Amino acid sequence: MSAQITITVAGDERSVDQGTTAADLFEGDRAVLVARVNGELRDLAHELAQGDVVEPVTAQEQDGLDVLRHSTAHVLAQAVQQINPDAKLGIGPPIRDGFYYDFDVAEPFTPEDLKALDKAMQRIINEGQTFVRREVSDDDALVELEHEPYKCELIGLKGGASDDAAEGASVEVGGAQLTIYDNVRRDGTRAWGDLCRGPHVPTTKVIGNAYKIMRSAAAYWRGSEKNPQLQRVYGTAWPSKDELKAYLDRLAEAEKRDHRKLGRELDLYSFPDEIGSGLPVFHPKGGVIKREMEDYVRQRHIEEGFEYVGTPHIAKEGLFHTSGHLPYYGEGMYPPFDVDGMDYRLKAMNCPMHNLIYRSKQRSYRELPLRLFEFGHVYRHEKSGVIHGLTRVRGFAQDDSHSYVTKEQAPDEIRHLLDFILGLLRDFGLDDFYLELSTRDEGGDKSSKFIGSDEDWAEATSVLESVCRETGLELVPDPGGAAYYGPKVSVQARDAIGRTWQMSTIQYDFNQPSADRFALEYQAADGSRQQPVMIHSAKFGSIERFIGVLVEHYAGAFPVWLSPVQVLGVPVAEEYNDYLWDVLQQMRAKGIRVELDDSDDRFPKKIRNASKAKVPFTLIAGEEDRSNNAVSFRYRDGSQENGLPIETAIERILAAIEAKDQVTSAPSLTNPGPDAAPAGTI
Ligand SMILES: [Zn+2]
Ligand SMILES: [Zn+2]
């Protein structure tokens, strides 16, 4: 009888033969891809030792999914070198929703190349190649991989600052012991191999047909433009074909809603290269949405007790040292520029200036809470690689407020802000939320990234947390995500297709008001001088980003109050132009945004254009309408309501604007009334 060892498997203690592998434990369960042994991910072929604690890992958890995707990246690399033996390997880590692999090839991949790769990958997968781990010394690895200059470079970097190696490179050389993973065919022959830390799925069979090559793009080796340019191939892999299909459907839906594409089609905004990356301009139609949004948000702030203020775009650099944004937020700010021998900065935040408004006179407890609000234009030095349409820009207007309160008032003020924010988001049609609480990283290096005493942090965090709990919304912890000056709550909203967007933030700040920063004070009831707490809050984060989110949420079909054009007149024939123009003028007089399509296009073409423009009310007029002093409505879904008296039509539109309604179909379809039968104008 062979020697026995005791191990713990999924919580149960067990005695097994020495030499037992994780694969032996989970034999028969094909969903198990790797094992977690004493907290570390291992190949199923890993031999277990006395006292090991072992758990099965499937693709249902992120770690398992990452292994599946990274293993698929190996298959891709093998396919690339099969087709092009001269291709040199970079790195191939898993990423969100998939993986990539970088290659040094003479020519970028064409769409035909990618198709051929997809086929070659399927052949490799069907061969059922096993992933076999082999330990190698650094010297042996350098000899074996002498034709792979990038891999050799990684071997040289091993043990150095792994952060500097390359994003994702820890996948290859993260461990102390170098390993090569060989892909071995069923007949025992070696098909291919790659320097890799592992682990991997046991065999390529596991990948099945639930993978897809997505696209390729240029990428610099180790992210630096000083290095050679490689070609990055992106792919995705899922536990099943159904999940792959669902993912591709989601992508297609997201693409249809892409706010950059819709912004162009609907003539809302653009990103002129002449101005610079991440600096959008709003066209008249986008300007309408922006103005409606700002007007409403300004009005709601005033109703909620905020005072509207204004501050400049630039300030002396010293101001940002006082606030602590320099050096803590220095990377996010544009470099200083000289004005009359003095260093100035573009502002990246409004708080320092609001603090100066607070400090402009003596404050009494009777004035608190004091709430200052503005659309503050800020500039942030986002890296060019992360800039994306309106959702990640370099210049934007924050709907920014700062509430100055006594410590005792802080919980009520946070409650007030949260209620206000959730109400505002609902007014804009977002109603599915959860909250995220970002705190100081208790394990990490607190002193270099966060300022303030432990007691202050603990108090601020507990105030935020208890108010969040009261909302009954799901609360997700985000350790380490706090601002340098205090913890924050963010509201995460799910859009119409289930994607999550971080919208509003509320931050509790005991630092900026302190004596060594802005030294803010108020006179308390007992005559003593006290320090207020400031609570930063942005409701949408930025107006620009929020518009981008709304364009995607509504797929460009806005509720009536936000629609750039609320009513588009389409005459059945040219002779009805004047009649329709007259009706539209009556509507315009009531504040309704109208347009008339008096182009030479034929009627069906005009209807198609109206549909593309996603206007909520298309107003049609023909002979019957004109003779009855009536109009007909055509809605976004193609349904129609005919022969409405002009007065009724105007009331209908005004009611929809007032109620912030979304209008897509004729009311008679959902609620057939006695006069629902259409009169048949056209
Ligand atoms: Zn690998
Ligand atoms: Zn602030």
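Somewhere in the range 361-370, is a residue within 20 Å of ALA538 (Cβ to Cβ) and exposed (fewer than 14 other Cβ atoms within 10 Å of the Cβ)?
No, that holds for no residue.
So which strands (runs of 3 or more DSSP E) stay within the range 548-658 end to end and still have 1 or more residues that are within 19 Å of LYS285 (Cα to Cα), modelled with pLDDT of 95 or more and under 39 Å from the mean Cα position of the chain (by Cα)?
Once the strands (runs of 3 or more DSSP E) in the range 548-658 are filtered for at least 1 residues that are within 19 Å of LYS285 (Cα to Cα), modelled with pLDDT of 95 or more and under 39 Å from the mean Cα position of the chain (by Cα), what remains is 567-571, 594-596, 617-621.
Identify, please: which residue in the range 494-540 is surrounded by 24 or more Cβ atoms within 10 Å (Cβ to Cβ) and among the hydroxyl-bearing types (Ser, Thr, Tyr) and is, among those, nearest to ligand 1 (Cβ to nearest atom)?
SER504
Report yes if some residue within the range 392-406 is in contact (Cβ under 8 Å) with a residue 12 or more places away in the chain and assigned to a helix (DSSP H, G or I); otherwise report no.
No: the range 392-406 contains no residue that is in contact (Cβ under 8 Å) with a residue 12 or more places away in the chain and assigned to a helix (DSSP H, G or I).
Does the range 353-391 hold any residues that are in contact with a Gly (Cβ under 9 Å, 6 or more places away or on another chain) and not assigned by the TED database to the domain that holds HIS416, and which are they?
Correct list: MET353, HIS354.
Name the residue, out of GLY481, GLY452, that is at pLDDT below 90 and under 19 Å from the mean Cα position of the chain (by Cα).
After ruling out the rest, the residue left standing is GLY481.
If you take the residues in the range 466-493 that are of a type in the set (Gly, Ala, Ser) and under 30 Å from LEU326 (Cα atoms), which one is farthest from ligand 1 (Cβ to nearest atom)?
The residue in question is GLY486.
Could you please find all residues in the range 305-349 being within 16 Å of ligand 2 (Cβ to nearest atom) and touching a Pro at 6+ places or on another chain (Cβ under 6 Å)?
LEU319, SER323, ARG345
Among TYR379, TYR404, which is the only one that is farther than 24 Å from PRO513 by Cβ, within 16 Å of ligand 2 (Cβ to nearest atom) and out of contact with any His (no Cβ under 7 Å at 6 or more places or on another chain)?
From the options TYR379, TYR404, the qualifying one is TYR379.
For the range 105-115, enumerate the residues that are buried (at least 17 other Cβ atoms within 10 Å of the Cβ) and out of contact with any strand residue (DSSP E or B) (no Cβ under 7 Å at 6 or more places or on another chain).
ASP113
The values are calculated or read from the model by the stated rules, or taken from the named source; none is laboratory data. What you are looking at is a predicted structure, and each value in this text was computed from that prediction instead of being measured. FYI the Cβ positions are ideal-geometry reconstructions off the backbone, even for glycines, and counts take in every protein chain you see.
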